[in-house]
Amino acid sequence: MKMNGAQMVCEALVAEGVKTVFGYPGGAIMNVYDAIYKQDGFEHILNRHEQASVHAADGYARANGEVGVAMVTSGPGFTNAVTGLATAYMDSIPLVVISGQVPQMLLGTDGFQEIDAIGISRPCTKHNYLVRDIADLPRILKEAFHIARTGRPGPVLVDIPKDITAEIGEFVYPDSVELPSYMDVPKVEAVDINAAVEAILVAKKPLLYIGGGAVLSNASDAIRKLAEITQIPAVETLMALGVMGADNPLRLGMLGMHGSYASNMAMSETDLIISLGARFDDRVTGKLSEFAKYAKVIHVDIDPANISKLVAVDYPIVGDVTEAVEMMIPALEGKVNGEQYADWREVLARYEALYPQSFEDSDEVIKPQWVIERLGETLGEQAIITSDVGQHQMWAAQHFPFDRPRQWINSGGLGTMGFGLPAAMGAKKAFPNKTVINVTGDGSILMNVQELVTASEYKIPVINVILNNHFLGMVRQWQTFFYEERYAETDLTFQPNFKALAEACHGIGYDVTTKEEFDAALKDAIEQDKVAFINIQVARFENVLPMVPANAALNSMMLPKIANPDKGEK
Amino acid sequence: MTKVRRVISIVVENESSVLSRVAGLFSGRGYNIGTLTVAPMPNSQRSRITIATQGDERTIAQITKQLNKLIPVYEVVEHNEMVEKEMVLVKFPLTESLADIEVLCEAYNGTIVNVGVDMCIGMVADEPCRVKHFIEASNRFSPIEIVRGGVVAIER
């Protein structure tokens with residue numbers, strides 16, 4: 001069928017099953033927006049900043065596992081989108097981002113709103129394309145979706161010059177892709193599984209180390225089964241919360257810089273790491289030379305480059321983590337029993353009892369951890385929690401009882417402030433019937449606060465729980481611990497009236513200073529069904545603990561002060 | 001870990017952005033490029049990039065794996081048993097003895113490829129260490145300009 005390039009873009013999106021596109025128009029992408037105006041195959045959400053468009057597409061993809069789609073114009077439209085691309089790239093989130101580009105006759109001439117999008121995005125996309133011929137456009141769009149969603153997922157940019165979107169060509173959307181140089185999913189080798197199984201059978205202190213790849217691969221059911229039949233304890237990274245389920249007795253919690261005492265001690269003492277879709281990030285390992293010194297390592301990863309990148313691996317398994325775990329289960333079933341690792345579990349249970357994930361609550365001031373626990377008690381499984389980046393993110397990770405994968409959406413790898421609100425909007429578009437809460441701070445929320453307007457216009461009622469300590473809290477915490485309390489540029493005492501700000505953008509705002517007010521505000525916000533700010537004054541100098549200082553050994557944690565009953569403390 | 005020198009051949013789709021993808025991967029991840037040679041492969045839509053690099057064994061392994069992840073990369077070969085050559089052109093003033101320069105070039109399996117009014121150009125194509133020695137030896141004939149190419153290699 002004959003049509004112009006802009007119509008081809010719309011047809012391809014429909015063919016890929018895209019229901020929602022997040023974007024922002026501009027000169028070089030106008031032809032595509034003209035085609036969007038004339039179609040009804042998908043909905044377009046007009047964000048108020050391109051960064052938010054990409055984060056919203058990202059939140060959508062993280063919530064439902066499908067490819068998120070964003071659309072931006074050339075030049076500043078594209079550069080605004082770069083943080084979104086990098087965020088998705090670091091966490092392996094499948095996105096297709098379509099950017100306009102100046103007409104080909106202007107390429108390389110420093111034309112108006114021209115920037116080398118391919119050059120800039122190369123290190124923060126899985127792949128990118130500059131379309132040079134209308135005949136290539138259908139194939140490139142097909143390949144973009146295929147590359148984004150297969151193998152180790154990631155964002156793909158398609159940069160389309162304006163003359164291409166205007167040009168008429170023949171549109172036949174390919175049924176399949178031919179990319180002989182691209183290996184999408186490497187097949188798990190049975191011989192590798194057998195070697196790993198042998199290692200598990202002789203281990204005394206094995207530990208499941210679960211990463212974000214387990215979420216991306218939808219491996220939760222298989223991993224829970226593996227844990228159940230082997231009774232091997234498990235730790236989760238920040239990106240894997242929900243895979244085991246919060247009340248799973250084998251789950252020790254999150255590990256790493258702000259991981260639980262038991263998790264970090266388990267990692268320090270294990271003799272066999274069974275890594276399932278994790279990548280030994282520095283926030284997990286702490287000082288590498290001290291990391292898991294007594295452990296052999298089984299590493300399941302779909303990306304061969306992750307294997308032995310940081311930690312030498314004894315039993316590499318390249319491939320999809322669900323497939324690998326499903327191959328392990330029959331090989332282990334009946335060969336291990338609950339008793340085999342009982343001593344190990346008992347040691348870990350003592351660690352859990354010694355320093356449970358706790359905090360000292362207060363009647364005078366709201367503790368941020370209390371807010372998170374209250375959210376968990378009130379909403380539980382039916383909520384999706386997104387977050388920005390900082391203390392609030394860590395408190396949410398530590399204290400919310402995540403029951404299922406994809407319930408927790410945050411920027412783990414890049415650590416992007418301003419991610420939470422647009423990501424929450426994306427998640428809400430994917431699951432309109434779920435309550436979506438963005439746990440945020442008074443610093444982060446102001447990056448992309450313009451999305452209040454978008455959320456109001458499109459009736460995307462996400463609730464922003466602002467843990468307001470009038471500080472850029474995580475940086476302040478480091479200044480307290482490591483910079484002799486020199487609070488350089490972290491005091492956020494001067495701040496907007498958050499309640500009024502929400503209301504100015506047609507949402508609803510609440511100022512909260514007591515626990516009762518919080519309960520009332522949360523209940524009302526859910527009933528009102530509007531985008532909301534719940535602005536909570538929390539304890540100003542609360543720290544995120546435990547904490548492993550940067551590049552310290554994982555077992556050298558700063559811990560909350562323990563009450564000494566002998567001194568009358570409780 | 002000790003550093004080793006390694007020659008890596010990369011077979012890629014012959015497209016405009018592929019060299020920047022490969023070079024950008026090296027610079028972005030802090031890998032070293034000693035020399036780099038690119039040319040289209042005969043009778044195909046592919047090009048061969050040959051890179052001489054150095055690093056410890058883990059870095060070399062990472063380079064190979066990361067290169068394999070690039071979509072337009074078909075094949076990555078870490079050479080072990082190879083024939084390896086590079087080329088150098090040296091321009092000498094004719095105030096030096098043409099006969100002596102020719103003898104030097106021939107000692108390195110090279111030759112004089114051009115003689116002008118006041119200069120001549122010698123060429124040597126040989127293994128990198130031999131090329132290095134040739135350049136050192138040619139210094140006694142007051143070279144005006146030395147142009148050295150990158151490595152090409154073929155597995156034996």
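Can A:Val18 be described as without any contact (Cβ under 8 Å) to a residue 60 or more places away in the chain, of a type in the set (A, V, I, L, M, F, W, C) and closer than 23 Å to A:Asp136 by Cα? Quick ask: steps written out before the conclusion?
Details: without any contact (Cβ under 8 Å) to a residue 60 or more places away in the chain: yes; of a type in the set (A, V, I, L, M, F, W, C): yes; closer than 23 Å to A:Asp136 by Cα: yes.
Yes.
Which condition number in (1) at pLDDT 95 or above; (2) within 14 Å of another protein chain (Cβ to nearest Cβ) is the one that A:Ser308 fails?
Going through (1) at pLDDT 95 or above; (2) within 14 Å of another protein chain (Cβ to nearest Cβ) one by one, A:Ser308 breaks only (1).
If a residue must be within 21 Å of A:Glu114 (Cα to Cα) and under 28 Å from the mean Cα position of the chain (by Cα), how many such residues does the stretch A:28-46 contain?
Going through the stretch A:28-46 one residue at a time, the tally reaches 0.
Can you name the strands (runs of 3 or more DSSP E) wholly within the stretch A:182-271 that have at least 3 residues being among the hydrophobic types (A, V, I, L, M, F, W, C)? First the steps, then the outcome.
Values: elements: A:206-210, A:234-236, A:251-254.
Result: A:206-210.
Of the numbered conditions (1) in contact with a Lys or Arg (Cβ under 8 Å, 6 or more places away or on another chain); (2) surrounded by fewer than 18 Cβ atoms within 10 Å (Cβ to Cβ), A:Phe481 satisfies every one except a single condition; which is it?
For A:Phe481, the exception is condition (1).
Pairs please, first residue from the stretch B:27-49 and closer than 14 Å to B:Gln62 by Cα and in the same structural domain as B:Ile63 (by TED's automatic domain parsing), second anywhere and surrounded by 15 or more Cβ atoms within 10 Å (Cβ to Cβ) and of a type in the set (D, E, K, R), Cβ atoms under 9 Å, 6+ apart in sequence or on different chains.
B:Gly28/A:Arg122
What residue, among those in the stretch A:167-189 that are loosely packed, with under 15 Cβ neighbours inside 10 Å, closer than 30 Å to A:Asp34 by Cα and of a type in the set (Asp, Glu), is farthest from the other protein chains (Cβ to nearest Cβ)?
Checked the stretch A:167-189; the qualifying residue farthest from the other protein chains (Cβ to nearest Cβ) is A:Glu170.
Quick test of your reading of the structure: A:Arg279 fulfils all but one of (1) touching a helix residue (DSSP H, G or I) at 6+ places or on another chain (Cβ under 6 Å); (2) more than 24 Å from A:Asn555 (Cβ to Cβ); (3) within 14 Å of chain B (Cβ to nearest Cβ). Name the failing condition by number.
(2) is the only condition that A:Arg279 fails.
Given the options A:Thr285, A:Thr230, A:Thr237, name the one that is in contact (Cβ under 8 Å) with a residue 24 or more places away in the chain and within 26 Å of A:Lys335 (Cβ to Cβ).
Criteria check complete, one pass: A:Thr230.
Table: residues versus (1) assigned by TED's automatic domain parsing to the domain that holds A:Asn468; (2) basic (Lys, Arg); (3) surrounded by 20 or more Cβ atoms within 10 Å (Cβ to Cβ); (4) more than 28 Å from the chain's Cα centre (by Cα).
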| position | (1), (2), (3), (4) |
| --- | --- |
| A:Thr490 | yes, no, no, no |
| A:Asn497 | yes, no, no, yes |
| A:Ala504 | yes, no, no, yes |
| A:Val531 | yes, no, yes, no |
| A:Glu542 | no, no, yes, no |
| A:Pro549 | no, no, no, no |
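Looking at the stretch A:197-217, can you tell me whether even one residue there is touching a helix residue (DSSP H, G or I) at 6+ places or on another chain (Cβ under 6 Å), among the polar types (S, T, N, Q) and either closer than 20 Å to A:Ile302 by Cβ or surrounded by 22 or more Cβ atoms within 10 Å (Cβ to Cβ) (or both)?
Among the residues of the stretch A:197-217, at least one is touching a helix residue (DSSP H, G or I) at 6+ places or on another chain (Cβ under 6 Å), among the polar types (S, T, N, Q) and either closer than 20 Å to A:Ile302 by Cβ or surrounded by 22 or more Cβ atoms within 10 Å (Cβ to Cβ) (or both), which makes the answer yes.
So, in the stretch B:24-37, of the ones that are within 14 Å of chain A (Cβ to nearest Cβ) and crowded, with 16+ Cβ neighbours inside 10 Å, which residue ends up farthest from B:Ala52 (Cα to Cα)?
Among those residues, the one meeting the criterion is B:Leu25.
Under the condition of being surrounded by 18 or more Cβ atoms within 10 Å (Cβ to Cβ), aliphatic (A, V, I, L, M) and part of a strand (DSSP E or B), which residue from the stretch B:39-77 is nearest to the other protein chains (Cβ to nearest Cβ)?
It comes out as B:Val73.
Within the stretch A:479-487, identify whether any single residue is touching a helix residue (DSSP H, G or I) at 6+ places or on another chain (Cβ under 7 Å) and either under 18 Å from A:Ser444 (Cα atoms) or of a type in the set (Ser, Thr, Tyr) (or both), and answer yes or no.
Scanning the stretch A:479-487 turns up at least one residue that is touching a helix residue (DSSP H, G or I) at 6+ places or on another chain (Cβ under 7 Å) and either under 18 Å from A:Ser444 (Cα atoms) or of a type in the set (Ser, Thr, Tyr) (or both).
Which one of these does A:Met3 not meet: (1) farther than 23 Å from A:Arg139 by Cα; (2) in a strand (DSSP E or B)?
(1)
Table: residues versus (1) under 23 Å from the mean Cα position of the chain (by Cα); (2) more than 27 Å from B:Arg29 (Cβ to Cβ); (3) not assigned by TED's automatic domain parsing to the domain that holds A:Asp34.
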| position | (1), (2), (3) |
| --- | --- |
| A:Asn128 | yes, no, no |
| A:Leu141 | no, yes, no |
| A:Arg149 | yes, no, no |
| A:Pro161 | no, yes, no |
| A:Asn194 | no, yes, yes |
| A:Ile200 | no, yes, yes |
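Mind listing whichever residues of the stretch B:1-23 are within 10 Å of chain A (Cβ to nearest Cβ) and at pLDDT below 95?
B:Glu15, B:Ser16, B:Ser17
The values are calculated or read from the model by the stated rules, or taken from the named source; none is laboratory data. Quick caveat: nothing in here was measured; it's all calculated off a predicted structure. Methodologically, a virtual Cβ is constructed for each residue, glycine included, from the backbone with ideal geometry; neighbour enumeration extends over all protein chains shown.
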